[in-house]
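One structure is given below, encoded as structure tokens.
The values are calculated or read from the model by the stated rules, or taken from the named source; none is laboratory data. Predicted model, so just to flag it, every value in this text is computed and none were measured. For neighbour counting, all protein chains shown are included, and Cβ atoms are generated from backbone atoms with ideal geometry for every residue, glycine included.
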Amino acid sequence: MLLTHIGRYMLMLKGMFTRPENWRMYWKEFMRQCVDIGIGSLSIVLIISVFIGGVSTIQTAYQLVSPIIPKSTIGQVVRDTMILEFCPTITSIVLAGVVGSKIASELGNMRVSEQIDALEIMGINTKSYLILPKILAALLVVPMLVVISGFVGIWSGKIAGVVSGILSAQQYMQGLVLEFKPFNIVFALAKSYTFAFIISSIPAYFGYHVQGGALEIGQASTKAVVISCILILLADYGLAALLLKNG
Amino acid sequence: MIELKNVCKRFGDKEILKGISAIMEAGKANLIIGASGSGKTVLMKCMVGLLEVDAGEILYDGISFSSMSNAERKHIRKEIGMLFQGAALFDSMTVEQNVMFPLEMFSNLSYRERKKRVDACLARVNLQDAHKKYPAEISGGMKKRVGIARAIVLNPKYLFCDEPNSGLDPQTSMLIDKLIHEITVEYNITTVINTHDMNSVMEIGDHIVYLYEGKKQWEGSNKDIIFSKDEKLNQFIFASQFLQDAKEMRQQELLNQRSGTG
């Protein structure tokens, strides 16, 4: 069963790479997906980032009780936590819910209502026209959302720290530049590209292969989100073990 | 013209199509009729390439479609229009965008030329005021008409209609039938229609293929059907007493006409 799914998933990915029937129409679809995934998810990403940043600052301060540890350490810890883990992983898990379920239900509905068949009969490669633009758009937009999430999270951590009187803005800024490793950004981006691929291709697979009616679309959508989340966490561990083991 | 030669299709152990041979003629409404589960939809899906045949051959104007690769089929597919049972309109597009879609994908026409063609097709199906509406905002009959407009926008040589009357009231059904028949004759299209609707059979059935349990049971025209002695066909077509009486009246009318002209 699992091998069947893996095989069909691989065939779906292979089937996407054919010459487009009309580049302009593919570009139009790609831009539509960029707007759908990017602009459509921006508000939820901003809300999550604001609260994660704020909570990170307050909880870090709560745990750093030793007077010999400078307050600026809070800024450093929040920065690294946000960049290394919270922004790429939590943002992607939320996007798996928001974007993943949308992709699965959109394609599932197109399959059930014969819209995919209609495109096939016109001579259009539906894997290429419907799935590839979604994956490419996610690969472009999700890392952007992760970067925005990082900036907003770190900034809101500062606001939370200052407003609650934990540390001054100057102390927080000192912490932010302390022992900064640019590789952490590369690591966060590597994660976000991997997660972007997961949250677009897995729901596309489940949506594209729906059989039945409205009930099956809902089931496919749920399955797509659950499996995307599990794969994100597995990939998170794998990438951390692979790229941070010398750190 | 589409020719079916000994077409067979099975799903697992179940044989759905058992060696069907028939000719779908150009400029005529070719109807495939039969009870639910007789293999009508599977046959149509095989004809348009959504399903592969297990044995036999499908020829489009003498060219074997079933032995072609996907890339080769693209050329024939551009000459195929299809009206689906639920119309299969793209939800995210307006009526105008739905009809324009095949033109945008496959033609090099300017926007003005595309618009002109779309307006002409929508006018042909008597839909002049629905350009900016979304599929969710129009009725079932209107959806079918938009589906027909989208199917004919690229001037196809072959038109397939899967149960065009399903879910429509009798009056709208007749309008859709009439429209399909007019378009078939006007553009000399090879039209293939899957239907259960007896009105369609009697009104537009230039050529009828009756399937029974995956086999071709009977073939003829809507005039021949009245005089058919095939028991299974008669049970299927003239199922009620009302239809039996109508059949006898029609038989008498035709016989009177023949003796009058003879």
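Just a few scattered comments:
- A:Pro133 vs. criteria modelled with pLDDT of 95 or more, in contact with a Leu (Cβ under 6 Å, 6 or more places away or on another chain) and on the phi < 0 side of the Ramachandran plot: no
A quick yes/no check of all residues on (1) closer than 26 Å to A:Glu120 by Cβ; (2) within 16 Å of the chain's Cα centre (by Cα); (3) assigned to a helix (DSSP H, G or I):
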position: B:Leu159; (1), (2), (3): yes, yes, no
position: B:Leu179; (1), (2), (3): yes, yes, yes
position: B:Glu182; (1), (2), (3): no, yes, yes
position: B:Gln217; (1), (2), (3): no, no, no
position: B:Lys229; (1), (2), (3): no, no, no
position: B:Gln244; (1), (2), (3): no, no, yes
position: B:Arg258; (1), (2), (3): no, no, yes
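- Of all the numbered requirements in (1) more than 14 Å from every other protein chain (Cβ to nearest Cβ); (2) over 15 Å from A:Pro88 (Cβ atoms), A:Lys102 misses one, and that requirement is (1).
- Residues in the range B:184-210 that are assigned to a strand (DSSP E or B) and among the hydrophobic types (A, V, I, L, M, F, W, C): 4 in all.
- Pairs are defined by a Cβ separation below 6 Å, a sequence spacing of at least 6 or placement on different chains, a first member in the range B:75-95 that is more than 8 Å from every other protein chain (Cβ to nearest Cβ) and under 20 Å from B:Asn155 (Cβ atoms), and a second member that is surrounded by fewer than 17 Cβ atoms within 10 Å (Cβ to Cβ) and basic (Lys, Arg); the pairs so defined are B:Val95/B:Lys133.
- Qualifying residue in the range A:31-52 (condition: farther than 24 Å from A:Leu130 by Cβ and in contact with a Phe, Trp or Tyr (Cβ under 7 Å, 6 or more places away or on another chain)): yes
- Contact map, the range A:8-34: residues that are β-branched (Val, Ile, Thr) paired with residues that are part of a helix (DSSP H, G or I), Cβ distance under 8 Å, separation 6+ or inter-chain. Pairs shown: A:Thr18/A:Ser128.
- Note on the range B:198-221: residues that are at pLDDT 85 or above and aliphatic (A, V, I, L, M) amount to 4.
- Residue check for B:Glu52: within 14 Å of another protein chain (Cβ to nearest Cβ), surrounded by fewer than 21 Cβ atoms within 10 Å (Cβ to Cβ) and modelled with pLDDT under 95: yes
- Top-ranked residue in the range B:150-175 [being within 12 Å of chain A (Cβ to nearest Cβ) and aliphatic (A, V, I, L, M); ranked as surrounded by the most Cβ atoms within 10 Å (Cβ to Cβ)]: B:Ala151
- Within the range B:217-232, residues that are surrounded by fewer than 17 Cβ atoms within 10 Å (Cβ to Cβ) sit with their Cβ atoms under 7 Å from residues that are part of a loop (DSSP other than H, G, I, E, B), at 6+ positions apart or across chains, in these pairs: B:Ser221/B:Gly205; B:Ser221/B:Asp206.
- Filter pass, B:Val125 being under 24 Å from the mean Cα position of the chain (by Cα), closer than 13 Å to A:Leu119 by Cα and among the aliphatic types (A, V, I, L, M): no
- The range A:123-178, subset within 30 Å of A:Leu11 (Cα to Cα) and not in a helix (DSSP H, G or I), residue farthest from the other protein chains (Cβ to nearest Cβ): A:Asn125
- Cβ-Cβ under 6 Å pairs, at least 6 apart or on other chains, the range B:30-48 side within 11 Å of chain A (Cβ to nearest Cβ), far side of a type in the set (Gly, Ala, Ser) and assigned to a helix (DSSP H, G or I): none
- Scanning the range B:184-215 for residues that are over 15 Å from the mean Cα position of the chain (by Cα) and of a type in the set (Asp, Glu) yields B:Glu186, B:Glu213.
- Test result for B:Lys132, of a type in the set (D, E, K, R), more than 9 Å from every other protein chain (Cβ to nearest Cβ) and buried (at least 20 other Cβ atoms within 10 Å of the Cβ): no
- Annotation note: of A:Ala240, A:Ala220, the sole residue that is surrounded by 15 or more Cβ atoms within 10 Å (Cβ to Cβ) and either at pLDDT below 95 or β-branched (Val, Ile, Thr) (or both) is A:Ala240.
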